[in-house]
Amino acid sequence: MRFYCESLTIPTTAPIEIIDVSDRIRGLFERNRIRNGQVTITSSHTTAFVALNEREPKLQQDMLDFLGSLAPPGRGYRHDLDPVDGRPNTHSHLIGLFMNASETILVSEGRLLLGEWQSVFFVELDGPRVERTLRVQVAGED
């Protein structure tokens, strides 16, 4: 069994954003020639996450609206009074309580075993940010 770990840099442009990274993930394991195994994708952030869901523009807008309604900014959150990095982002951390920092996807015969409608998304909750990082570990055999 072989293991490869790489990082993907992702710039974000909106306060809450859903970015399809499926093709970038596919490219990583195709370059490493893994035929059977798994890919684990991990966000390096406490306000940005990984999700598997359907890629459909109206649904994605519904997702953005839903996430924004879970914990609206500016509600007098205690963390916002003295934020660690100067960003009043309590709402981002609260929404993140319901999200995954990582996902693992099986690989068989050189293909991600995603459902027919599934895509891999990077979900920004505290943007925009010049640079976000996803770590991707590919494990498997030729």
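Quick notes
- When the residues of the stretch 95-114 are filtered to those that are part of a loop (DSSP other than H, G, I, E, B) and in contact (Cβ under 8 Å) with a residue 40 or more places away in the chain, the one that is nearest to residue 135 (Cα to Cα) is 101.
- Residues of the stretch 52-84 satisfying the condition of being in contact with a helix residue (DSSP H, G or I) (Cβ under 6 Å, 6 or more places away or on another chain) and closer than 21 Å to residue 102 by Cβ: 67, 70
- Residue under evaluation residue 74, criteria (1) touching a Pro at 6+ places or on another chain (Cβ under 9 Å); (2) over 25 Å from residue 118 (Cα atoms); (3) modelled with pLDDT of 95 or more, criterion not met: (3)
- Of all residues assigned to the stretch 23-36, none qualifies as being more than 30 Å from residue 142 (Cβ to Cβ), surrounded by fewer than 13 Cβ atoms within 10 Å (Cβ to Cβ) and acidic (Asp, Glu).
- Residue check, residue 88 at pLDDT 95 or above, in a loop (DSSP other than H, G, I, E, B) and more than 15 Å from residue 124 (Cβ to Cβ): yes
- Strands (runs of 3 or more DSSP E) within the stretch 1-51 that include 1 or more residues in contact with a Gly (Cβ under 9 Å, 6 or more places away or on another chain), of a type in the set (Asp, Glu) and farther than 24 Å from residue 97 by Cβ: none
The values are calculated or read from the model by the stated rules, or taken from the named source; none is laboratory data. Since we're looking at a predicted model, the values are computed, not measured. Heads up, the Cβs are rebuilt from the backbone with ideal geometry, glycines too, and the neighbour counts pull from every protein chain shown.
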